[in-house]
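Below: one structure, written as structure tokens.
Nothing in this text is a laboratory measurement; each read-out follows from the coordinates by a stated rule. Treat the numbers as computed from the prediction; the structure is a model and nothing was measured. Ideal geometry is used to build each Cβ from the backbone, glycine not excepted, and the neighbour counts take in all protein chains shown.
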Amino acid sequence: MGRPLAINGDAAIALAWKQVNPDVVAAYPITPQTIMVEAFSDYVADGQVDTEYICAESEHSAMSICIGASAAGARVATATASAGLALMWEMLYIAASMRTPIVMAIANRTLSGPINIHCDHSDTMGARDSGWVQLYGENVQEAYDNTIMAFRIAENMKVRLPVMTCIDGFIITHALERLETLDDQVVEDFIGLYQATRPLLDIGNPTTYGPIALPDYFYEIKYQQAVAMGSVAAVTKEVMADYAKVSGRRYKLVEGYRTEDADHVVVAMGSTSGTLRHVVDRMRERGSKVGSVKIRLFRPFPSEELAAILKGKKGVAVMDRALSPGTGGALYSDVLQSIHDIPDAPKVTNYIYGLGGRDVMPEQLEGVFEEVMAGNGERINFMGVRI
Amino acid sequence: MATDKPVVVATATGCFEVATTIYPFSSWEVPWIHTAFENAPATISGVESAYKVLRRKGLLDQEIKFVAFGGDGATYDIGLQSLSGAIERGHDFLYVCLNNEAYMNTGIQRSGATERGASTTTCPAGTCIPGKREFPKDLTKIIIAHDPPYAAQASPHNWKDLVTKSGKGFDIQGPAFINVISPCPRGWRHDGSLTIAIAKLAVETCVWPLYEFENGTWRLTGESLRIAEGSREKKPVLEWMRSQGRFRHLLNGEHTALVEEIQQSVDANWERLVKLCRL
């Protein structure tokens, strides 16, 4: 084990990149991701990595550079947030369809407007259907661990898909926490050498990347992406098991907290999961049979694992830190479809919360539990909004 | 012809990409990549960056050249930022703009390269407005303002000049740019057999001068050099306009002032260029 550090989420991801030592990093700064690219620039400037580091002139170009470099045969990483991810949107689909195993860190930040630099998940929810694997980290430790595991998941030959590792903007990107690091050699051995398949730079075996596929082939290419996504859950479990061996930290796709005997459960992603565990403990002390669930892997959605946890519960609330105006949140829809086939499926309500970085207080989450237990919440609720 | 080294090619979305790679077929016998419309320079930047790092790590020993192609829509308009960024970063690649002065792949819509007075499907010659109202932007000079090691204008009719310039673009270290006038029979409304003749006329009228900018030095080439030297006639722009249907509406005698304005603009641009090339 390396020594523990006091470090923020952005710097932890930059440190993971340093240890991974990607061939190419192309990025563009955007708050609250900026520290990642700055910290990594320091590693480059001090010769601590071999990486070809490209300061792109936009996120669209950053992702285009990443795709070109990955197709060429390089191991590639990048990072963005909010409007930057939105500007990449066109290229996200192309990266996934071209099966480039790029690893991208996201500092979750809301989308304008009004312009606002603070946390919610509207950026990555917008990229939900782009064909990228999405992992969410709760804290600085998970930011670091998810980043290292992401390379193994993305590059697995059953997967070969790009992966986003998401952390809550400011709440985790800028919070100083204790981080247990791995030794450089442990990281190097864990991720292994990158083996490109049919790289563009293999002059002797010329490959055409990105041809036009018309209605006679397009659908089959999309189906292949669905098949690859179908392998992600099993591959991620294997990677997490291997990671536990080198780190001592055991992760799951979906993590239940005091759910075994709970009657009422609240589901969330990201930093709110930690607050929820605190609230569960407090309410348990008062005799309430409550639990919480953290979704770590959001795409592909681990429906079976979630259904196994929620089976037999009386009531469930889903916390969505993003809004699809006109309906609820994306996580809510996914939870509903996951439990649809369970006999006596619990009633599920949706809570939109924390938009644009609005603080999430333990008392508010207690209020959510109280409503779930009373069974009197609306189908879609707006936690903490001033009406 | 322009290089003996192996090449990797990137292409922006357009006829060139669509016509050569309908899946599961490919016309390309060299490595080729297309990702989107506005980003061929960024895409080739990524490929070239991978090449640099893999060479540095000793994982690749072969010398490879990189070339990206885009039309005028991809280069003058939607991809200008991507090209500017890639040149500023100094990637070692050649960018070739095949300029047919409109969005031809999508059906002849106006671009920033379309000439004043030309009729397109989005700036049609109507009863009130006689085609495009604006002059095209001078992209080659915009690129030269980046001070790249090499930039040039070329035309397919003078293939020797085009090959020489492409060779320089490949050989020189750093970003190189060549803007090639590319008549489109469908969009310019002329017989396909006249494509090369019309490209030549663009040069002979000084609508599209042949020149290069090499390590800070401006130089006229081909017919343009001979026109500047006085050993070759500079033809009137009207002759060039008469060769294409997209200017037909300007030739009925109602728009002589506009035709004259276009001639004056061509003359002024030409005189400025001649001065730059004499410095």
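So for B:CYS206, B:CYS277, B:CYS15, fewest C-beta neighbours within 10 Å to most, what's the order?
Values: B:CYS206 25, B:CYS277 19, B:CYS15 16.
Ascending Cβ contact count within 10 Å gives the list B:CYS15, B:CYS277, B:CYS206.
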Share (percent) of C-alpha pair distances in region A:67-133 greater than 20 Å works out to 27
Residues whose modelled amide H sits under 5 Å from the amide H of B:VAL7, counting only those 5 or more places away in sequence or on another chain, are B:LYS65
For the protein assembly as shown, what log10 I(q)/I(0) values come out of the Debye formula at q = 0.05, 0.09 1/Å, with one point per alpha carbon and no solvent? -0.29, -0.81
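Taking the convex hull of the Cα atoms, report for region A:78-195 its projected area averaged over all directions, in nm².
Mean shadow area of the hull around the Cα atoms is 7.5 nm².
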Amide H within-cut-off set for A:ILE54, under 5 Å, with H built and near neighbours excluded: A:VAL25, A:ALA26, A:ALA27
With no solvent term and unit scatterers on the alpha-carbon positions of region B:7-278, Debye gives log₁₀ I(q)/I(0) at q = 0.11, 0.12, 0.16, 0.17 Å⁻¹ of -0.62, -0.74, -1.26, -1.40
Amide H to amide H under 5 Å from B:PHE93: which residues, 5+ apart in sequence or cross-chain, H placed 1.01 Å off N in plane? B:GLY174, B:ALA176
Is the C-alpha gyration tensor of region A:254-382 telling us rounded, prolate or oblate? Criteria: a/c under 1.5 is rounded; beyond that, a/b larger than b/c is prolate, otherwise oblate. rounded
Karplus (6.51, -1.76, 1.60) ³J(HN,Hα), θ = phi - 60°, over region A:223-233, in Hz, Gly and Pro reported as x: 4, 4, 5, 5, 5, 4, 4, x, 8, 5, 4
Based on the Kirkwood radius over alpha-carbon pairs, what value in µm²/s does the Stokes-Einstein equation return for the translational diffusion coefficient of region B:1-88 at 25 °C and 0.890 mPa s? 178
Can you report the principal axis dimensions of region B:105-195 using only the alpha carbons, biggest first, rounded to whole angstrom? 51, 32, 20
Protection proxy ranking of A:263-270, A:245-252 - average other beta-carbon atoms within 10 Å, highest first: A:263-270, A:245-252
Would you mind getting me the FRET efficiency between B:PHE135 and A:SER112? Use the beta-carbon distance for r and R0 = 35 Å, nearest 0.05. 0.50
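What is the gain in length, in nm to one decimal, between B:VAL163 and B:ASN252 on full extension, counting 0.36 nm per residue of separation less the C-alpha to C-alpha distance?
Values: separation 89, 0.36 × 89 = 32.04 nm, distance 3.93 nm.
That works out to 28.1 nm of additional length.
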Counted charge near B:VAL96, where neighbours are those whose Cβ lies closer than 13 Å (Asp, Glu -1; Lys, Arg +1): +2
Rounded to two decimal places and with Rh computed the Kirkwood way over Cα pairs, what is Rg over Rh for region B:162-279? 1.01
Cα-based Rg and Dmax for region B:15-174, where Dmax is the largest Cα-Cα distance (Å): 17.5, 65
Phi angles of region A:190-206, converted by Karplus (6.51 cos²θ - 1.76 cosθ + 1.60, θ = phi - 60°) into ³J(HN,Hα) in whole Hz with x for Gly and Pro, give 5, 7, x, 6, 7, 10, 6, 10, 6, x, 4, 7, 7, 4, x, 10, x
Per-residue mean of C-beta atoms belonging to partner chains within 10 Å, peptide B:11-23: 3
Least to most buried among A:TYR223, A:TYR136, B:TYR23, by other C-beta atoms within 10 Å and fewest first, runs A:TYR223, B:TYR23, A:TYR136
With each label point set 7 Å from Cα along the Cα-Cβ vector, what nm distance links B:LEU276 and B:ALA145? 1.1
Taking the alpha-carbon set of region A:5-247, what are its Rg and Dmax in Å? 16.9, 55
Per residue of A:19-30, what is the mean number of Cβ atoms on other protein chains within 10 angstrom of that residue's Cβ? 2
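Using per-residue counts of other Cβ atoms within 10 Å, averaged over each peptide, order A:107-115, B:43-51 from highest down.
Working: A:107-115: 19.7, B:43-51: 31.2.
Highest-to-lowest ranking by the protection proxy: B:43-51, A:107-115.
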Neighbours of B:LEU276 by Cβ distance under 11 Å: Lys/Arg at +1, Asp/Glu at -1, summed charge +4
Within region A:254-271, backbone nitrogen closer than 14 Å to the virtual label 7 Å beyond the Cα of A:GLU304 toward Cβ: A:254
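Give me the extension gain from A:LYS347 to A:LYS289: residue separation times 0.36 nm, minus the current Cα-Cα distance, reported in nm with one decimal.
Values: separation 58, 0.36 × 58 = 20.88 nm, distance 1.62 nm.
Net length gain for the segment: 19.3 nm.
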Please work out whether region A:251-310 counts as rounded, prolate or oblate from its C-alpha gyration tensor, where a ≥ b ≥ c are the square roots of the eigenvalues and a/c under 1.5 means rounded, while otherwise a/b larger than b/c means prolate and anything else oblate? oblate
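Of all DSSP beta bridges located in the protein assembly as shown, what percent are antiparallel, nearest 5?
Working: 19 of 83 bridges.
About 25 percent, rounded to the nearest 5.
Test of understanding: ordering A:LEU193, A:LEU15, B:LEU273 by Cβ neighbours within 10 Å, fewest first, what list do you get? Write out the running numbers ahead of the final one.
Details: A:LEU193 8, A:LEU15 24, B:LEU273 21.
The fewest-first ordering by Cβ neighbours comes to A:LEU193, B:LEU273, A:LEU15.
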Just the number: Rg to Rh for region B:171-219, Cα atoms, Kirkwood Rh, two decimals. 1.11
Rounded to whole Hz, the Karplus (6.51, -1.76, 1.60) HN-Hα couplings of region A:81-96, x for glycine and proline: 6, 6, 4, x, 5, 4, 5, 7, 3, 4, 7, 4, 5, 5, 4, 5
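Which whole-number percent of Cα pairs in region A:333-387 have a distance greater than 16 Å?
Details: 738 of 1485 pairs.
I get 50 percent for the Cα pairs in region A:333-387 exceeding 16 Å.
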Going 7 Å from the Cα of B:GLU260 along its beta-carbon direction, which residues of region B:233-249 have the amide nitrogen within less than 14 Å of the resulting point? none
Greater than 20 Å apart at Cα, pairs in A:LYS18/B:LYS57; B:LYS52/B:LYS160; A:LYS222/A:LYS294; B:LYS52/B:LYS141: B:LYS52/B:LYS160; A:LYS222/A:LYS294; B:LYS52/B:LYS141
Prolate/oblate/rounded label for region A:1-86 (Cα gyration tensor, a/c 1.5): oblate
